[in-house]
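Input: a single structure, listed below in structure tokens.
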Amino acid sequence: MKPLPVHPARAVLAASALVLLGSVRLFAVGEAATTAVPDARKAEFAASLPTEQAVLTAAPHVPPPITRDHAARVVVNLEVREVVKQLADGVDYTFWTFGGEVPGLFIRVRQGDLIEFHLSNHPTSKLPHNIDLHAVTGPGGGATSSFTAPGHSSVFSFQALNPGLYVYHCATAPVPIHVASGMYGLILVEPHGGLPPVDREFYVMQGEFYTTGNYGEAGLQTFDMPKALDERPNYVVFNGGVGSLVGDKAITAEVGETVRLFVGNGGPNLISSFHVIGEIFDRVLHEAGTLVNENVQTTLVPAGGATMVDFRVEVPGTYILVDHSLFRAFNKGALGMLKVSGEPDAIVYSGKEVDEVYLGGQSAAGSETVRREEALRAEREDVIAANPRITEIDTEIQMERGKRIYFASCFACHGQDGEGIPGVFPPVADSDYLMADKDRAIRVILKGLTGPITVNGKPYNSAMPPQDLTDQQVADVLTFVMNSFGNRGEDVTPAEVKAVRTAN
Ligand code: HEC
Ligand SMILES: [Cu+2]
């Protein structure tokens, strides 16, 4: 449960009751009603249309293009669920979702369609929710008409008047907290005649998360209101979590194909500078409107907005999707991958990939350690049953975790193999300085290090910044470094790190 000042369900119900009263009063002075009035004209229009059930998809998938050349009555069934899911490796979060997913399921309709929207709220939900679709023309975008208590279902309808790619989100008070919990998604309203055909379409949506624990701090995290007010998220991610579009989960294409990304930004606060490293957007539908821009490197996606980008992939390799506000990409999770296979074209590009340098912990080596950790966990279960070699395996798990932290936080300076850079960054491989004093090594990570030192007989006089890591993370990375790259040492425990942290 998120910490809220008053009993949340009650506050929200009270707020929405006010909204309802407000709308009824507005109706009296001539605005639209929230409670549907039977309307013969509308009933006749609905009856004149063929009915179909909307196909909804979870990111990165997109429902198939619409082939019909006439309007339809499209029935959308969307269920709100409050679920605990992974936000990052080892980090869980209670997400409030449209369809059990963050971002919410992708909806695809056609301009002129009459959409009959069924919003249900799962009986296990703790709070009421609703939906405001930016594709709706009408007060609140459907919010008051779709206000739904746990275990209930609401129906309202709207006509998709304007084509475009629209954000939808929950608009139940407190609105920003519902959005910050993952309640957003995209609805595409195809124009008459459809979009220009492409070979592949994908759904990518950015959003930030504000957690009490630091980035990467393991366990179930809770929402942090002060950080949200200051717009200082710990996580900025694509598709609801760190690594959702990385490694095995990367989106793919083949050389020569055209790719379309439907990119949304749920916010709630940040504007995204969406960029694909190594590609140029041939065509951007700026703000997902009708203005076509061509040959764009980076495009802005406002909070509560979207964009459509099309490009052809010419050469194979891994293309990195980022928010080009780069600390978000490399330190907060806003990083995905498009893997393109096929024949190289040395004229277009000569080769020599630089993934490792770019990616750190999220590179192939990074996801390799994730897989290895999983495999080791499975092995551990077996060993417990048969044999007491458990401590050794725990160390191996710690080593894999430590390796991941090393490749995320240290290797940019100390190198792939801990070799450092002569005269600038001392080696951690085979380092006499590192191995001589465990507490000193812990202090170097926690507090940083400046001034002259001698490592393996060679002088260094530079500065290492303090590393913002938890006790567990420091223990893991030091255990890894002190037992890799030719070093042979003992393990480091979180308790030892804590002792050094509190002694200073
Ligand atoms: C921004 C570059 C940078 C990063 C990132 C960095 N270091 Fe350092 N590190 C240095 C520099 C520079 C020194 C030497 C400082 C001096 O000469 O006073 C150093 C010194 C050290 C030392 C002591 C000297 C030795 O080689 O034994 C250790 C151990 C160490 N770093 C480990 C780490 C670990 C582990 C991480 C990741 C958690 C890390 N460093 C991240 C730049 C960095
Ligand atoms: Cu909600």
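Condition first: within 22 Å of THR493 (Cβ to Cβ) and either more than 6 Å from ligand 1 (Cβ to nearest atom) or in contact with a Lys or Arg (Cβ under 9 Å, 6 or more places away or on another chain) (or both). Now tell me which residues in region 425-447 satisfy that.
Listed by number, the residues that qualify are TYR433, LEU434, MET435, ALA436, ASP437, LYS438, ASP439, ARG440, ILE442, ARG443, LEU446, LYS447.
Can you find a residue in region 66-79 that is within 16 Å of ligand 2 (Cβ to nearest atom) and not in a loop (DSSP other than H, G, I, E, B)?
Checked against the condition, which is being within 16 Å of ligand 2 (Cβ to nearest atom) and not in a loop (DSSP other than H, G, I, E, B), region 66-79 yields at least one hit.
Does VAL136 satisfy the condition of being assigned to a strand (DSSP E or B), buried (at least 19 other Cβ atoms within 10 Å of the Cβ), hydrophobic (A, V, I, L, M, F, W, C) and away from ligand 1 (no atom under 16 Å from the Cβ)? Don't jump to the end; show me each part of the working.
Numbers: assigned to a strand (DSSP E or B): no; buried (at least 19 other Cβ atoms within 10 Å of the Cβ): yes; hydrophobic (A, V, I, L, M, F, W, C): yes; away from ligand 1 (no atom under 16 Å from the Cβ): yes.
So VAL136 fails the test.
Which of the residues spanning region 220-264 are among the acidic types (Asp, Glu) and not in a strand (DSSP E or B)?
Correct list: ASP224, ASP230, GLU231, ASP248, GLU257.
Please determine, by comparing only the residues of region 180-200 that are among the hydrophobic types (A, V, I, L, M, F, W, C) and more than 21 Å from THR137 (Cα to Cα), which one is nearest to ligand 2 (Cβ to nearest atom).
ALA180
Conditions (1) assigned by TED's automatic domain parsing to the domain that holds ASP113; (2) within 16 Å of ligand 1 (Cβ to nearest atom); (3) in contact (Cβ under 8 Å) with a residue 60 or more places away in the chain, marked per residue:
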{"site": "PHE158", "(1), (2), (3)": "yes, no, no"}
{"site": "PRO174", "(1), (2), (3)": "yes, no, yes"}
{"site": "GLY213", "(1), (2), (3)": "no, no, yes"}
{"site": "ASP224", "(1), (2), (3)": "no, no, no"}
{"site": "VAL237", "(1), (2), (3)": "no, no, yes"}
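Check off (1) touching a helix residue (DSSP H, G or I) at 6+ places or on another chain (Cβ under 9 Å); (2) under 16 Å from GLY104 (Cβ atoms) for GLY141 and give me the number that stays unchecked.
Exception for GLY141: condition (1).
Take the residues in region 290-328 that are in a loop (DSSP other than H, G, I, E, B) and in contact with a Ser or Thr (Cβ under 9 Å, 6 or more places away or on another chain), then tell me which one is nearest to GLY247 (Cα to Cα).
Across region 290-328, the extreme among qualifying residues is PRO316.
List every residue pair whose Cβ atoms lie under 9 Å apart, where the two residues are 6 or more positions apart in sequence or sit on different chains, the first residue falls within region 36-62 and is on the phi > 0 side of the Ramachandran plot, and the second residue, located anywhere, is at pLDDT below 95.
Listed by first residue and then by second, the contacts come to nothing, as the list is empty.
Could you tell me which of the residues GLY342, GLY402, GLY418, GLY448 is modelled with pLDDT of 90 or more, away from ligand 2 (no atom under 16 Å from the Cβ) and in the same structural domain as THR258 (by TED's automatic domain parsing)?
Exactly one of GLY342, GLY402, GLY418, GLY448 is modelled with pLDDT of 90 or more, away from ligand 2 (no atom under 16 Å from the Cβ) and in the same structural domain as THR258 (by TED's automatic domain parsing), namely GLY342.
For VAL370, indicate whether it is within 16 Å of ligand 1 (Cβ to nearest atom) and outside any loop (DSSP other than H, G, I, E, B).
no
What tally of residues in region 446-482 results from selecting those that are polar (S, T, N, Q), in a loop (DSSP other than H, G, I, E, B) and within 33 Å of the chain's Cα centre (by Cα)?
Quick first cut of region 446-482, residues polar (S, T, N, Q) only: 450, 454, 456, 461-462, 467, 470, 472-473, 479.
Within this subset, residues satisfying the condition of being in a loop (DSSP other than H, G, I, E, B) are 456, 467, 470.
Those still in the list that are within 33 Å of the chain's Cα centre (by Cα) too: 467, 470.
Residues that pass the stated criteria total 2.
Which one of these does PRO422 not meet: (1) more than 11 Å from ligand 1 (Cβ to nearest atom); (2) closer than 30 Å to THR391 by Cβ; (3) out of contact with any helix residue (DSSP H, G or I) (no Cβ under 7 Å at 6 or more places or on another chain)?
Here PRO422 meets the rest and fails (2).
The values are calculated or read from the model by the stated rules, or taken from the named source; none is laboratory data. Small disclaimer: the values here were computed from a predicted structure and weren't measured. Backbone-built Cβ (ideal geometry, glycine too); neighbour counts: all protein chains shown.
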